[in-house]
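The values are calculated or read from the model by the stated rules, or taken from the named source; none is laboratory data. Since this is a predicted model, take the numbers as computed values, not measurements. With ideal geometry, Cβ positions are generated from the backbone for all residues, glycine too; neighbour counts draw on all protein chains shown. All accessible areas refer to the heavy atoms of the entire protein, side chains included, with ligands and DNA or RNA removed. Shrake-Rupley method; radii C 1.70, N 1.55, O 1.52, S 1.80 Å.
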Amino acid sequence: MTISEFIEELKALASEDLRQEYIRNGGSEKVLGLKYTYLQHYKKELGINHEYALQLWATQIPEVQILATMLVEVDKLTTELINKWNDDIDFYLLSDAFIGNILTPFKGSLTLANKWIHSKDEYTLRHAYTIIFMLAKENGFMKDEVFLRYLKKIEDDIEKAPNRAKETMLYSILNIGRRSKMLNEEAIAVMMRLGGSVYVDHGSTGGVTPNVLDILKIVQNSEGYIFFAPGDML
């Protein structure tokens, strides 16, 4: 099946009501209005197919690009490709798929984060801090001092950051504050200086912003810090 034929097949499954909901929540006019379950069906049907994924991404249709992230071969991901795809993203569901299917398995993600962290673009900044909160949660090799610098950067930038970037910045504070007693105290202090909370507009998506300060205090009181050793990563 050619790409154009495939797009016509997808359009026949689209819902105008869902399309309008996507647009109300920040999607562009390019969205089709496809349910995520349809994309999951085609993922199973098509399987991993890197070249087809590249062709799907080139359509610039957000839901089709979501499917593209599902079909790529992780071993063929490059910094050049990821930067190119990142620049195209302007839809929250595509951003979520990019995070889960592309950034999570990519081994060079910290380099990308350190580049993107200075961006003013909403989704680029969202992706930068997604990498930071994943590393804070999972990487046992990075020193506390590195995360202290990220906390300072977040505190300086979060109130003027674009809406969807604020969400992953908050998750970064949360996961950094679970690594050690020292980082927990620093993360709590940051949230207190920010007035205890930062508002994130989730539109009608049903998203909920966690109460980062309360969770950090629970971690502090229970001493439920996450201590990593190199062996934990094996």
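Rounded, prolate or oblate: which fits segment 42-107 when a ≥ b ≥ c are the square roots of the eigenvalues of the alpha-carbon gyration tensor, with rounded for a/c under 1.5 and prolate only if a/b beats b/c?
Rounded, since a/c falls under 1.5.
Anyone know which of Tyr22, Tyr199, Tyr92 comes out most mobile in the 10 Å Cα GNM of the chain?
Of Tyr22, Tyr199, Tyr92, the most mobile in the Gaussian network model is Tyr199.
State the percentage of accessible surface on the chain attributable to carbon and sulfur atoms; use a 1.4 Å probe and exclude ligands, DNA and RNA.
52 percent
Which angle from 0 to 90°, rounded to the nearest 10, does the C-alpha axis of helix 163-176 make with the longest principal axis of the chain?
50 degrees
Let me check I've understood the local charge: for His118, count other residues with C-beta under 10 angstrom from its C-beta, Lys and Arg +1, Asp and Glu -1. What total comes out?
Net charge around His118: +2.
Just tell me which lysines come within less than 30 Å, Cα to Cα, of Lys153; anything on the same chain fewer than 8 places away is out.
Filter leaves Lys84, Lys107, Lys115, Lys120, Lys137, Lys143, Lys166, Lys181, Lys217.
For segment 1-131, what does the alpha-carbon gyration tensor say about shape, rounded, prolate or oblate, given a ≥ b ≥ c as the root eigenvalues, a/c under 1.5 as rounded, and a/b over b/c as prolate?
Oblate.
For a quick protection proxy, order the peptides 129-137, 33-41 by their average other-Cβ count within 10 Å, most packed first.
Answer by packing, highest mean first, reads 129-137, 33-41.
Whole number in Å², please: accessible area per residue of segment 56-114, 1.4 Å probe, ligands, DNA and RNA not counted.
It amounts to 37 Å² per residue over segment 56-114.
Using a probe radius of 1.4 Å on heavy atoms only, what accessible surface per residue do you get for segment 139-206? Whole Å² is fine.
With all protein chains present, segment 139-206 gives 46 Å² per residue.
Per residue, how much accessible area does segment 1-49 show when a 1.4 Å probe rolls over the protein heavy atoms, in square angstrom?
Averaged over the residues of segment 1-49, the accessible area is 64 Å².
Given springs between every Cα pair under 10 Å in a Gaussian network model of the chain, which of Arg178, Arg164, Arg193 has the largest fluctuation?
Of Arg178, Arg164, Arg193, the Gaussian network model singles out Arg193 as fluctuating most.
May I ask for the angle, rounded to the nearest 10°, between helix 122-138 and the longest principal axis of the chain, with both axes built from Cα atoms and the value confined to 0 to 90°?
60 degrees
Of Ile173, Val74, Met192, which is farthest on the positive side of the dipole of the chain, counting Cα position, with +1 on Lys and Arg Cβ, -1 on Asp and Glu Cβ, and the Cα centre as origin?
Met192
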